[in-house]
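Heads up: the structure comes next, in structure tokens.
The values are calculated or read from the model by the stated rules, or taken from the named source; none is laboratory data. Keep in mind the model is a prediction, meaning the values are calculated, not measured. We place every Cβ from the backbone using ideal geometry, glycine too, and count neighbours over all the protein chains shown. All accessible areas refer to the heavy atoms of the entire protein, side chains included, with ligands and DNA or RNA removed. Shrake-Rupley method; radii C 1.70, N 1.55, O 1.52, S 1.80 Å.
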Amino acid sequence: MSYKSLMCGLLVLCISLLAACSSGSSISDSEKRQMVEQVRIVEQSEYNLLNLHKSYRQYHKAVNELVSEEYWASISGEIVFGYDAATYTRDDLANMPQEEYDILKERMLQILRGAEMDKLSATVRISDVYAGSNSNQANIYTFEHKELKDQPFTATAKKYTLEKRSGEWIITKVEQDKFTYGSGQTAELREDGIKGLNYQAHDGKDIGYPTVIVLPGASDSS
């Protein structure tokens, strides 16, 4: 075999190995945009549910095809809101008749207005797509600042896990860490509290958040 033929053979082999190594591990730009959009929809839908912009049925319809059964199971018992020693989980709302929900919503809106919580707003920052623990997983991070009457209220960092199943990316898990501001806290304590939150770094590097959405407070919209 000539030297030229040998080099050509090695080149083909190298290309084949590179293709094999990258196969199934790369995520296209269109997939990344779609995944970020999925997280945006979930974040906005969660906020709409908690602030009574949308009913549970509307919320479920908006996110159901974007998340897995495990995701639903992990959050089903979370308390969405409550009053007068009564609490309502996501499961409670899922099985609640519309007439009962309408009464509950009006009562909750009265409570929110009375506490001026209807003036709550939020800014949510969403990261790019980061590599997951294997080739069919990925992570997206969010950072939410809530303000009440232009004053800091809470800061929440989240880590979303997405998996590719049957050719489609789906959200399978969310983890979060929250810091609540206190009226008597100094600026230094607030800064330390935010810095101490988990899910703000990936593989030791700080997360960047190129996508930003601003969400309004509670209203009478349904």
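Computed quantities for the displayed model
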| quantity | calculated |
| --- | --- |
| Among the candidates Ala73, Ala94, Ala86, Ala62, residue that is touching a His at 6+ places or on another chain (Cβ under 9 Å) and among the small types (Gly, Ala, Ser) | Ala94 |
| Set Leu49, Leu66, Leu109: member being over 15 Å from the mean Cα position of the chain (by Cα) and of a type in the set (A, V, I, L, M, F, W, C) | Leu109 |
| Complete set of residues in segment 151-170 that are β-branched (Val, Ile, Thr) and surrounded by fewer than 11 Cβ atoms within 10 Å (Cβ to Cβ) | none |
| Hits in segment 114-150 (condition: touching a residue at least 12 places away in the same chain (Cβ under 8 Å), in a strand (DSSP E or B) and farther than 20 Å from Val42 by Cβ) | Glu147, Leu148 |
| Only listed residue being closer than 19 Å to Tyr59 by Cα, at pLDDT below 95 and surrounded by 13 or more Cβ atoms within 10 Å (Cβ to Cβ), chosen from Lys105, Lys173 | Lys105 |
| Search result, residues across segment 45-59 that are open to solvent by less than 60 Å² (accessible area, probe 1.4 Å) and assigned to a helix (DSSP H, G or I) | Ser45, Glu46, Tyr47, Asn48, Leu49, Tyr56, Tyr59 |
| Among residues of segment 176-191, those that are open to solvent by 90 Å² or more (accessible area, probe 1.4 Å), in a helix (DSSP H, G or I) and among the small types (Gly, Ala, Ser), counted | 0 |
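Listed here are the residues, each with its yes/no results for (1) touching a Cys at 6+ places or on another chain (Cβ under 9 Å); (2) open to solvent by 60 Å² or more (accessible area, probe 1.4 Å); (3) not aliphatic (A, V, I, L, M).
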site: Val67; (1), (2), (3): no, no, no
site: Val80; (1), (2), (3): no, no, no
site: Asn95; (1), (2), (3): no, yes, yes
site: Tyr101; (1), (2), (3): no, no, yes
site: Gly114; (1), (2), (3): no, yes, yes
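The rows are residues; the columns are (1) hydrophobic (A, V, I, L, M, F, W, C); (2) out of contact with any helix residue (DSSP H, G or I) (no Cβ under 9 Å at 6 or more places or on another chain); (3) more than 14 Å from Lys146 (Cβ to Cβ).
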residue	(1), (2), (3)
Thr156	no, yes, no
Ser183	no, yes, yes
Ala187	yes, yes, yes
Arg190	no, yes, no
Asn198	no, yes, yes
